[in-house]
Amino acid sequence: MSNLGEANADNQTIQYCFPNNNLSCTRNIKSEAEYIFVYAFISVTSVFTVFLNLLVIISISHFKQLHTPTNVLILSLAIADLLVGLILMPVQGIKLIEPCWYFGEIFCAIFPLIFYVVVTASLGNLIIVSVDRYIAVNDPLRYPTRLNINRAVIAIIVNWLFSFVYCFILLYESFISPEKNHRCVGECILYIKLGYIITDVLVTLVTPCSVIISLYMKICFVARQQAQHLNSVSDKKAMSEKKAAKTLGIVVMVYILCWIPYYIAALILGQETSDSLVINIMYWVLCTNSCMNPIIYAMFYRWFRISAKYILTLKIFQPSSEYFNLFLEEK
């Protein structure tokens, strides 16, 4: 193999990922404009995602008024979204423009596990959030006793543990047969049997979507019934719970809409999923969902806008700032 690369029939320069290695994969050289645009987009989106989710994490962690079971679940979701912005977005973005894998064989095996655990845990968080909102709207009087912060934390821990175990089993073959992850040096392919893909569709798409959609349909039905009786000041809490359910329902639906294209592409394209540009684009769509959640919070949650203002103006460093009233302007 020539270290200087070679030219194909279309006069497009082809080089090797590792010129000094005879087993190296080849790479097509793209235009400088393509590299600049993609890397700029990756950088901006990743930084924006990390920044917005840090605002959510700091807000819920710092302000005492936000220490509720629902917000603890949102905190877990924000942590997963933060990991997406820090790790998954940069790597998946690079895979869109760069055909070579420069991160080594170990990270080639670990990265899919990180990706699947984070996105599966995010989906698990949304299922728990749906159950939380259903109880809050359907049985508001007993909600404080049925779901408190300790139970929410336990649910989160169980969710993350289940996500790790499930994804490890799903990707186990790629660990015991690492040679399937690449055909030449500089390649990283995720090999999953079609049967596993179908199982994954049932476990992380069909079943969760069925549960989530049925719960939110019941929430809407109960909310419509209760809306006829919300005529007093004492019912403001119930109205607030319904608004929270509506907001988190939007978060759930956006998430599902980002998942469906990936599974359709995975089922159509088959086993070597990460070897396809289409799949890499679908992965990126999943990642960008992590940037959408804080934007939805900013649109519908006034407490998030107020807390973000306190954080950005550094007022959280004032004495007793954790006791600031974030619901003073809430209508």
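Worth a mention:
- Residues of segment 285-321 that turn out to be more than 20 Å from SER76 (Cβ to Cβ) and not in a helix (DSSP H, G or I), as a count: 5
- So LYS242, is it closer than 24 Å to VAL119 by Cβ, charged (D, E, K, R) and modelled with pLDDT under 80: no
- Residue selection: LEU96 fails the criterion of being in contact with an Asp or Glu (Cβ under 9 Å, 6 or more places away or on another chain) and within 27 Å of THR288 (Cβ to Cβ).
- Candidate set: segment 313-327, residues that are of a type in the set (A, V, I, L, M, F, W, C) and in contact with a helix residue (DSSP H, G or I) (Cβ under 8 Å, 6 or more places away or on another chain); chosen: the one modelled with the highest pLDDT: ILE316
- Subset of segment 109-152 (residues that are of a type in the set (Ser, Thr, Tyr) and closer than 17 Å to ASP81 by Cβ): TYR116, THR120, SER122
- Residue that is farthest from VAL185 (Cα to Cα) [pool: residues in segment 30-46 that are exposed (fewer than 13 other Cβ atoms within 10 Å of the Cβ) and of a type in the set (Val, Ile, Thr)]: VAL44
- Residue check for TYR143: over 30 Å from GLN92 (Cα atoms), assigned by TED's automatic domain parsing to the domain that holds ILE260 and touching a Leu at 6+ places or on another chain (Cβ under 6 Å): no
- LYS236 vs. criteria more than 17 Å from the chain's Cα centre (by Cα), among the basic types (Lys, Arg) and at pLDDT 65 or above: no
The values are calculated or read from the model by the stated rules, or taken from the named source; none is laboratory data. In this text the structure is predicted, and so the values were computed from the model without any measurement. We place every Cβ from the backbone using ideal geometry, glycine too, and count neighbours over all the protein chains shown.
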